[in-house]
1. Any chance region A:130-149 includes a residue that's in a loop (DSSP other than H, G, I, E, B), in contact (Cβ under 8 Å) with a residue 40 or more places away in the chain and within 16 Å of A:ARG114 (Cα to Cα)?
2. Scan region A:73-105 residue by residue and report those that are within 7 Å of another protein chain (Cβ to nearest Cβ), out of contact with any Cys (no Cβ under 9 Å at 6 or more places or on another chain) and not hydrophobic (A, V, I, L, M, F, W, C).
3. Among the residues of region A:257-272, is any in contact with a strand residue (DSSP E or B) (Cβ under 6 Å, 6 or more places away or on another chain) and either assigned to a helix (DSSP H, G or I) or assigned by TED's automatic domain parsing to the domain that holds A:LYS26 (or both)?
4. Let me confirm something: among A:LEU203, A:LEU211, A:LEU186, which residue is touching an Asp or Glu at 6+ places or on another chain (Cβ under 7 Å) and at pLDDT 90 or above?
5. With the structure loaded, tell me whether B:TYR216 is of a type in the set (Ser, Thr, Tyr), away from chain A (no Cβ under 14 Å) and either surrounded by fewer than 13 Cβ atoms within 10 Å (Cβ to Cβ) or in contact (Cβ under 8 Å) with a residue 12 or more places away in the chain (or both) or whether it fails that test.
6. Here is a list of conditions, (1) in a helix (DSSP H, G or I); (2) touching a helix residue (DSSP H, G or I) at 6+ places or on another chain (Cβ under 9 Å), and A:TRP239 meets all of them except one; can you say which number that is?
7. Hey, any hits in region A:222-230 for a residue that's out of contact with any strand residue (DSSP E or B) (no Cβ under 6 Å at 6 or more places or on another chain), crowded, with 18+ Cβ neighbours inside 10 Å and within 22 Å of A:LYS26 (Cβ to Cβ)?
8. Looking at B:ILE183, B:ILE134, B:ILE223, B:ILE144, can you tell me which residue is closer than 30 Å to A:MET44 by Cβ, hydrophobic (A, V, I, L, M, F, W, C), assigned to a helix (DSSP H, G or I) and away from every other protein chain (no Cβ under 14 Å)?
Amino acid sequence: MELSFDRLTKQYGSKIAVDRVSAVLKPGVYGLLGENGAGKTTLMRMLCAILEATSGEVFFNGEEITAMGAAYRNILGYLPQDFGYYPNYTATEFLRYIAALKGIPGNIAKKRIRELLEIVGLDHVASKKVKTFSGGMKQRVGIAQALLNNPQVLILDEPTAGLDPKERVRLRNLLADYAGNKIVILSTHIVPDIEAIADEVLLMKSGKLILQGTVPQLVQKADGKVWELSVSEKEARRWETETTVANFRHEGSQVVLRILSDTKPAEYAIPCEATLEDLYLYYFGTTEGADKDENS
Amino acid sequence: MKDRELKWRMSQFIQKERPAQVDPAKLEETIQKCIQIVRNQNVQEEERLCFWGYLSAAFRFDGIPILGCHAVIFLIVCFVVGILACEPKNIPMFMPLFVLAPMPVIFRGQYYGMNEIEAVTRTSGAQMMLARLILAGAANLLCITGLLSIEVYRQNAGKELGQMILYCMVPYLICMILMLRVIRLRKRNNMAVSTTGIFGACVFWGWLAKAIPWLYQASAVGIWMAAALMFAAFFIKEIYFIVETGKEGKMYGTVV
C-alpha cells in the first residue's frame, strides 16, 4: 500500500500555501510537523481530495485519487482540525449518521459504534448529546468517526488539540495500535506527540517540505546546535532577545538557558544532546529561522 | 488470482528452479498451503450500501427534519390562505417557501461545520444533495397537493386546477434552480444568498399578482406553460449535473 504525492501545490492568488511538496508514504505513522500557517492543513485537505490542488497529483497504489472517487473515500478516515458536529445528536446517533454516509450497513455500524465508543472511552455517555460534551470528549467522538470505516489511510489534523495529557497518551496508544499495516498521518505542533509514535516526521515550513526522516535522523540535524549556559537574570533577558532560547530554568540566583545556535554562543556554553523539540525550534524559533531550510 | 492459475504458476516456477528434485506429493502439498495463504490474505471488501440503501438511511437523519420543516411551512401557508381567502393568483407567492423548507437540512453541514467530515465519506456531496432533493420533492408533492386541494375547495374552482398547478410549478422551479445554482457556483454566503433570493421571490410574485393581473387569467395559460417547460428543462439540467458530479466523484458545492 502506498500513498504518494508529486509536486503538490496550492496557490491562492499570489500566496502559495503548499509549494511543490512530494513524498511517498508506506504503512506507518507519519507526523506532519510545522508551525501555524506552514501548510499542513492545506496539504491534508488535498490528500483527502476535498481541496483541489493547483498542480500536482496524489496517488493511492498508483491510482490518482480524484479518479478513484468513492473508492478512495471508502478507505479514507479524516478528522479535520476544526470539525463541527450536530449538537442535538447523541454520540451514538452522530456515529450512526456518519456510518450511513460511509455506506456502512446498520447491523455492522451498530456493533462497530459500540466498540469504538468503548475504545475512545465514551461508552458511558453514548446516549448523551454531543453538545453536552467537553472539548476533549468531542475530539474523541471525532476520532471515533474517522475510524468507523476501518480506513487504510487515516488523516488526523491536530488530533490532540484540546486533550489533556491522559487523553493524549490514550490517543497515542490507540494510534500506535491501529497503525500496523495502515497509513496514519497526523499533523500537530505538539512535538512530544510526534516523538512518541511517529515512524517518520515530515517538517513543513512556509508551504515547503523541508525535512523528512525518522526522529533520530532529524534530531541528528540539530546535533551540535544545542547549548546550555548559566547566566544572571539580567543577562538572561538579553540572551532571549538575541538568540533562540528553547528553555530556561532558575537555579538559585542563576538562570540556565538552553540555546539553539549554529556556533558556540559563549566560551562557557556546554553542548547538549538535541531533541526533536530543539530541531523544531531551530527551524521555527525566531525570525532568523525564516532563512533556515533543508540546506541549513 | 484464481487457485488454478496460482497452482500453474507455482508448478512452473518450482520445476524451473529445481527440476530434478521435485517430489510431486510435496509440491502439491506446498501449492495447497500457498493457495490457503493467498485466500486468507485476500482482503474481503466490507459490505457497503448502494445509493438506495443510503437514501433509506438518510430518511432517518434528513427525511424526518425535512418533513417537519415542510409541515411547519404548510401550516403557515394554510393559515395565511385561510385568513386572506386567497385567490389562486396568490399561490405563486407561497411556493418559494416550499423551497425554503428543506434549506435547514441542505445547509446544515455548512452551518455546523460538518462539511469537511461529510465530504470525505463514501457518499459524495452530490449524492447527499440528490437524496435530500428526493426527500424534499416527496414532501413538497404532499404539501402542494394539500394546498391545491384546499384552494380548489375554497374557490370551488376545480376547472382552474390546471392553472393552479402551473402557478405552483413555475415559481417552485425558479427558486429551486436559484438555490441549486447558488450552491454550485458560489463559494461563500450561499445560504444567505439563497434565503434572500427566496424571500425576494415571494415579494416578487406577490407584486406580480397585483401589477399584472391579466397574467393570471385563463388566456395567459400559454405563457405559464412555456415558462414551466423552460424552467423544467433548466431544473432537469441541474439535476443531471448533480448526478454526473456524483458519478465522477467530484466535489459538489462548497466544502472548504
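1. Quick first cut of region A:130-149, residues in a loop (DSSP other than H, G, I, E, B) only: A:133-134, A:148-149.
This time we only want the ones that are in contact (Cβ under 8 Å) with a residue 40 or more places away in the chain, so: A:133, A:148-149.
If we keep only those that are within 16 Å of A:ARG114 (Cα to Cα) too, we end up with A:148-149.
Yes; the residues of region A:130-149 include at least one that is in a loop (DSSP other than H, G, I, E, B), in contact (Cβ under 8 Å) with a residue 40 or more places away in the chain and within 16 Å of A:ARG114 (Cα to Cα).
2. A:ASN74, A:ASP82, A:GLY84, A:TYR85, A:TYR86, A:TYR97, A:LYS102, A:PRO105
3. Checking region A:257-272: not a single residue is in contact with a strand residue (DSSP E or B) (Cβ under 6 Å, 6 or more places away or on another chain) and either assigned to a helix (DSSP H, G or I) or assigned by TED's automatic domain parsing to the domain that holds A:LYS26 (or both).
4. Values: A:LEU203 fails: touching an Asp or Glu at 6+ places or on another chain (Cβ under 7 Å); A:LEU186 fails: touching an Asp or Glu at 6+ places or on another chain (Cβ under 7 Å).
After applying the criteria, what remains is A:LEU211.
5. On the way: of a type in the set (Ser, Thr, Tyr): yes; away from chain A (no Cβ under 14 Å): yes; either surrounded by fewer than 13 Cβ atoms within 10 Å (Cβ to Cβ) or in contact (Cβ under 8 Å) with a residue 12 or more places away in the chain (or both): yes.
For B:TYR216, the condition - of a type in the set (Ser, Thr, Tyr), away from chain A (no Cβ under 14 Å) and either surrounded by fewer than 13 Cβ atoms within 10 Å (Cβ to Cβ) or in contact (Cβ under 8 Å) with a residue 12 or more places away in the chain (or both) - is met.
6. (2)
7. Within region A:222-230, none of the residues are out of contact with any strand residue (DSSP E or B) (no Cβ under 6 Å at 6 or more places or on another chain), crowded, with 18+ Cβ neighbours inside 10 Å and within 22 Å of A:LYS26 (Cβ to Cβ).
8. Details: B:ILE134 fails: closer than 30 Å to A:MET44 by Cβ; B:ILE223 fails: closer than 30 Å to A:MET44 by Cβ; B:ILE144 fails: closer than 30 Å to A:MET44 by Cβ.
That would be B:ILE183, the only listed residue that is closer than 30 Å to A:MET44 by Cβ, hydrophobic (A, V, I, L, M, F, W, C), assigned to a helix (DSSP H, G or I) and away from every other protein chain (no Cβ under 14 Å).
The values are calculated or read from the model by the stated rules, or taken from the named source; none is laboratory data. Please read these numbers as outputs of a predicted model, since none were measured by experiment. Neighbour counts are summed over all protein chains in view; Cβ atoms, including those assigned to glycine, are modelled from backbone coordinates with ideal geometry.
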